[in-house]
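Have a look at the structure below before the remarks.
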Amino acid sequence: MNEKLRIRSEHVKFSAKKVGLILRSLGIYTTRFGHAGHGLTFSYGLKENIHEIAAQLGMFQWNVAPPNGSLADPTYQFCESYRPDR
């Protein structure tokens, strides 16, 4: 996460604990993976939850494509179900 922020010239850094707290505030809970620490298992339910949160926050950008491709892929089943013109 911090590397992506740095590439976008953001001047903020998040600790793993802070990322976990932000995810929890959004209703996304991490799982303990033993000595490896905490993380996410990208199950069907988690993907659906992430898309629901993105839709509620107005984060889909259907008509604006960044240089590296579309943020919301209309061919992807989750994105398509949240498309405003459907």
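The values are calculated or read from the model by the stated rules, or taken from the named source; none is laboratory data. Just so we're clear, the structure is a prediction, and the values are computed from it rather than from any experiment. Here the Cβ positions follow ideal geometry from the backbone for every residue, glycine too, while neighbour counts run over all protein chains shown.
Looking only at residues in the stretch 23-61 that are among the aromatic types (Phe, Trp, Tyr) and more than 24 Å from Ile7 (Cβ to Cβ), the one that is modelled with the lowest pLDDT is Tyr44.
One residue stands out among those in the stretch 34-53 that are of a type in the set (Gly, Ala, Ser) and closer than 28 Å to Ser81 by Cβ: the one that is surrounded by the most Cβ atoms within 10 Å (Cβ to Cβ), which is Gly39.
Summed over the stretch 31-50, the residues that are within 13 Å of the chain's Cα centre (by Cα) and among the hydrophobic types (A, V, I, L, M, F, W, C) give a count of 4.
Within the stretch 23-33, is even one residue among the aromatic types (Phe, Trp, Tyr) and exposed (fewer than 12 other Cβ atoms within 10 Å of the Cβ)?
Step one: filter the stretch 23-33 for residues among the aromatic types (Phe, Trp, Tyr), giving 29, 33.
Next cut, exposed (fewer than 12 other Cβ atoms within 10 Å of the Cβ) only: 33.
Scanning the stretch 23-33 turns up at least one residue that is among the aromatic types (Phe, Trp, Tyr) and exposed (fewer than 12 other Cβ atoms within 10 Å of the Cβ).
Among residues of the stretch 3-19 that are without any contact (Cβ under 8 Å) to a residue 24 or more places away in the chain, those with a beta-carbon under 9 Å from a residue that is of a type in the set (Val, Ile, Thr) and surrounded by 10 or more Cβ atoms within 10 Å (Cβ to Cβ) at least six positions away or on a different chain give the pairs Phe14/Ile22; Val19/Thr30. Select from the stretch 1-19 the residues that are part of a helix (DSSP H, G or I) and within 13 Å of the chain's Cα centre (by Cα) and write down the one among them that is modelled with the lowest pLDDT. Filtering the stretch 1-19 for residues that are part of a helix (DSSP H, G or I) and within 13 Å of the chain's Cα centre (by Cα), the one modelled with the lowest pLDDT comes out as Lys4.
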